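Below is one structure, written out as structure tokens; comments come after it.
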Amino acid sequence: MRKRGFLVIFLLILFFFPADNHLPANSFSPHPPRQDGPVRTAAEINKSLGRGINLGNALEAPKGISWGVQLREEYFALIKEKGFSSVRIPIRWSDYALTKPPYTIDQKFFAKVDWAIGEALKNGLHVIINFHHYEELFKYPHREWERFLAMWAQVAKRYEDYPDALVFEILNEPHDRLTAELWNQLLAEALAVIRKTNPGRAVMIGTAEWGGAGSVSKLVLPDDNQLILTVHFYNPYQFTHQGAEWSAGSRAWLGTTWDGSYVEKQVIRNELEPVLWYSREHNIPVNIGEFGAYSKADMDSRARWTAYCARLFEELGFSWHYWEFCSGFGIYDARKKVFHMELVNALISDDKSILDPGALPEVAGVELVTNGDFSAGSIGWHYGVWRNPYRADFRVVNQEFVVHVQTAGDEEWPVQLIKDGISLKEGRRYLLSFEAWSDRPRSFSAEIGAVVGSDYPTYGSASVFVTPERHKYYVLGTAGKTLITGRVAFSFGKETGRVYLDNVSLKEVME
């Protein structure tokens, strides 16, 4: 009997405290006591998220592969000490669950997530957990649909008793075959699964087509007052991703600076307009789930851009999470155990002076765009629908160019207006300006680029949000080569409706 008693105790210990050689010390209980008091609103929780940081390149790395970041206990304390309020933890759940029903998630991996959430809460940090890099779902959404919902049921059930400082984010950057239409269906079903065990928890939902601001008008949310809209912001992409090894053509962008000029600031404000519009229309709080500039950019530019973005997000009432803590975009050198204080100071500051817009830059007098006011009809321009099943009509009315998109898709480039044959000089900066409006709120893209063989490099681009009210917009770009095949392109393929353009101008910026 005595031996049996010891055996029972031993088995109970194994059951409640499974061995895991990779689990850090001081593991957090997966079942903390339920929160006392009333549940806070999504807006209140979003305010508490405040200034945050992503713990990237760790739990979202593929199974059995390291991306160079292993979460450590001291990281959470350091993050809190530097003045951050929250962390976002990207998680690749799909690599740790069965591929057939009941799609059970590995308990050892669950324990790692328990620990990370626990360390955040222990240090007084709010915490967001998501589904990150679910590549199978993006490629085969119908095949993975049931598995995704089953995994969310397990995650939601495991953390149902956690305090409301824990926030769920349904899916990171839906894209590929998980179209905007399919995403609207899937997010509603996933939210319903979560609500079975977490009726009051704040849930973040992002946009289709890689999670950016330009797709927010396609997002359809269920009637639920505990939601937070989350979008990612890496614009101008040619600056933030210069030299990024995973981004095609990024070597040509090396040396791109961000100087904090009037145009650079205005472009960022313009690109956030759809988010602000959606937030007001739907009375939903906003989180910028990712933003950051890669380490190949010069540090002064990175710090300026980061400070401007962070202060602007705060001015607009958005919480934010910088990408990321200690890797290629990071604020901390894990090997040397030192912070990049330029970035820390840019993020954690109450100095709002950087929001001063400044003045328009001087530009050379030579106009590089032919017939930018369309007074001669469409002469000097060409346009078209380059792929089925996209459909659009183009015409000039009252010296204004009008494109009416009848059938849209998941990409913008199949419906374009282009002016090419423009001479560009290597290293010179060019300012594209134009006026635009539409029959209803929607987005399109504008770019300064070139034709090089079969390639179409982009030297500057912006997502443009337009409404029925006429506004002026800007794009700033730096030519990567001296060419006579430069071009200006406007792309409209993602949304239906009418867009109007006038007074298109491209001039060289005087340094």
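The values are calculated or read from the model by the stated rules, or taken from the named source; none is laboratory data. Bear in mind that the values here come from a model prediction, so they are computed numbers and not experimental data. When we count neighbours, we look across all protein chains shown, and the Cβ atoms used for this are built from the backbone with ideal geometry, even at glycine. For the accessible areas, the whole protein counts, side chains as well, though only heavy atoms, and no ligand, DNA or RNA atoms are used. Shrake-Rupley method; radii C 1.70, N 1.55, O 1.52, S 1.80 Å.
A few comments on the model shown:
- Quarter the surface of the alpha carbon convex hull of region 384-511 and you get the mean projected area, 7.7 square nanometres.
- Summary of packing: across the peptides 320-333, 371-384, 299-312, the per-residue average of other C-beta atoms within 10 Å ranks them, highest first, as 320-333, 299-312, 371-384.
- Applied to region 445-452, the Karplus parametrisation 6.51 cos²θ - 1.76 cosθ + 1.60 on θ = phi - 60° returns per-residue 3J(HN,Hα) values of 10, 10, 8, 9, x, 7, 10, 10 Hz, with x for Gly and Pro.
- Whole-percent carbon and sulfur share, accessible surface of region 425-503, 1.4 Å: 47
- Portion, in percent, of the accessible area of region 135-188 that falls on carbon or sulfur, probe 1.4 Å: 49
- Using C-alpha pairs under 8 Å with a sequence gap of at least 6, the mean separation divided by the residue count of the chain gives a relative contact order of 13 percent.
- On Cα atoms only, tilt of 180-197 relative to the major axis of the chain in degrees: 20
- In range of the label at Ser247: residues from region 450-482 whose backbone nitrogen is under 16 Å from the point 7 Å along Cα→Cβ: 457-463, 476-480
- Length added when fully stretched, Glu189-Arg72, from 0.36 nm per residue minus Cα-Cα: 38.6 nm
- For region 35-194, the Cβ-based charge dipole about the Cα centre amounts to some 240 debye (Lys, Arg positive; Asp, Glu negative; other atoms uncharged).
- Helix 262-282 axis versus longest C-alpha principal axis of the chain: approximately 60°, rounded to the nearest ten.
- Distant-in-sequence amide contacts of Gly206, defined by a placed amide H-H separation under 5 Å and a gap of 5 or more residues or a different chain, comprise Ile170, Leu171, Thr230.
- Charge-dipole axis of the chain as Lys and Arg at +1 and Asp and Glu at -1 on Cβ define it, positive-most pick from Val338, Ser261, Asn184: Val338
- Charging the Cβ of each Asp and Glu at -1 and of each Lys and Arg at +1, and nothing else, the dipole of the chain about its Cα centre rounds to 1500 debye.
- Over the chain, accessible surface divided per residue gives 44 Å², non-protein components excluded, 1.4 Å probe.
- Net charge over other residues, Cβ less than 14 angstrom from the Cβ of Gly249 (K, R count +1; D, E count -1): 0
- Angle of helix 107-122 to the longest C-alpha principal axis of the chain, folded into 0 to 90 degrees and rounded to 10: 80°.
- The mean sequence distance of close C-alpha pairs (under 8 Å, at least 6 residues apart), as a share of the length of region 85-213, puts its relative contact order at 27 percent.
- In this Cβ point-charge picture (+1 for Lys and Arg, -1 for Asp and Glu), region 398-511 has a dipole of about 220 debye about its Cα centre.
- Averaging Cα coordinates gives a centre for region 263-316 and one for region 193-232; these two points are 19 Å apart.
- Other residues lying with their Cβ under 13 Å from the Cβ of Phe84 contribute a combined charge of +2, Lys and Arg counting +1, Asp and Glu -1.
- Per-residue [θ]222 nm for the chain (sum of -39500 (n - 2.57) over DSSP H runs n ≥ 4, rounded to 500): -8500 deg cm²/dmol
- Here's the picture: charge each Lys and Arg Cβ at +1 and each Asp and Glu Cβ at -1 in the chain, and of Gly384, Ile117, Phe239 the one pushed furthest to the positive end of that dipole is Ile117.
- Rounded to the nearest 5, the antiparallel percentage of DSSP beta bridges internal to the chain is 65%.
- When the chain is described by a simple charge dipole with +1 on each Lys and Arg Cβ and -1 on each Asp and Glu Cβ, the residue from Thr370, Tyr308, His404 located farthest towards its positive end is Tyr308.
- Annotation: amide H of Val167 within the under-5 Å range of Val127, Ile128, Ile129, sequence separation 5 or more or interchain, hydrogens built in the peptide plane.
- The fraction of accessible area contributed by carbon and sulfur in region 305-369 is 52 percent, rounded to a whole number (1.4 Å probe; ligands and nucleic acids excluded).
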